[in-house]
Ligand SMILES: [Zn+2]
């Protein structure tokens, strides 16, 4: 957080994570983030539900460089882009997403998984609208939900992705901001929605302990040289955005007229866990049906039903949670109603069982 009353902080030796507690005592709290996640300390919780995001591409506003990260800001004046389910007590509004990254590919993520550091970590921040605003929510234990996605370096050539380059060039130095319309961040999600969850804090000052973390187990693949897939849904068809680690590293933490200082290593080391235990939700056992009619009379052990719009949206993963099979069962009439309502947009239906099927 930056602004009046917030002393400056950064990631250098004189103002970095080791120093933050001097101005921001929360940084020495007992629920600080990030943490290292170890399989042996995680327990599988069968009561955890799948999470679900419903994002409105029109809510995307701007992309900016604040000298500490690259951030995309969304309109959160109403329940427009929301995250729900999982460990969350209700709907949470998307406010912004940003990245943490390293100076090279072997580090950069904030959370560490079984000793592994990824090249970067994407955070999508949502706040609980039962509080009057984002700042108020940050003061409450259940105020903020953060969805974290790891960036792993690998080969994923996406030669057609160009726009993010232009956007990053437009925000090269601290204080720069550019319009960033029509962006649905859910296309950044990996295939699997398996997650770990625990209660923690912001990883930047003032390090408030208000965050329900939902950390996705499957990373998304980026490459040092190739693009990562940032796809942009537009009314005139699909457009694709991209960035890459090298491009993130080309950002600067100085303002335009100052000497160049590259913006790299904007991550906080892991913090003591004290007595916190992570919980996991594994959703490995997915089954697919080829159409709505397969649902008729279906009684499945799976407890959640999604409608999958991927093909309608040109293979952009896009699923809508419709309900629990345990609660209702589709009959012919319900099928016709649902099909009319969906206007034939559904390509397949996904049953998701919450039973663990593999190792945790
Ligand atoms: Zn972050």
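Summary of values
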{"quantity": "Additional length obtainable on full extension of the chain from residue 141 to residue 114, 0.36 nm per residue less Cα span", "calculated": "7.0 nm"}
{"quantity": "Rough spin-label spacing in nm, given labels placed 7 Å along Cα→Cβ, for residue 75 and residue 169", "calculated": "2.9 nm"}
{"quantity": "FRET efficiency, 1/(1 + (r/R0)^6) with R0 51 Å, evaluated for residue 257 and residue 46 via beta carbons", "calculated": "0.35"}
{"quantity": "Cα gyration tensor, segment 102-146 - rounded (a/c under 1.5), prolate or oblate", "calculated": "prolate"}
{"quantity": "Overall form of segment 42-164 per C-alpha gyration tensor (a/c, 1.5; a/b vs b/c)", "calculated": "oblate"}
{"quantity": "Computed lengthening from residue 265 to residue 130, 0.36 nm per intervening residue step minus Cα-Cα distance", "calculated": "45.1 nm"}
{"quantity": "Cα gyration tensor shape of segment 20-281, rounded if a/c is under 1.5, else prolate or oblate by comparing a/b with b/c", "calculated": "rounded"}
{"quantity": "Estimated inter-spin distance, residue 13 and residue 107, nm [label 7 Å along Cα→Cβ]", "calculated": "1.4 nm"}
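Coordinate-derived values only; no laboratory data. Computed from a predicted structure; not experimentally measured. Cβ sites come from the backbone with ideal geometry, for glycine too, and all protein chains shown count toward neighbours.
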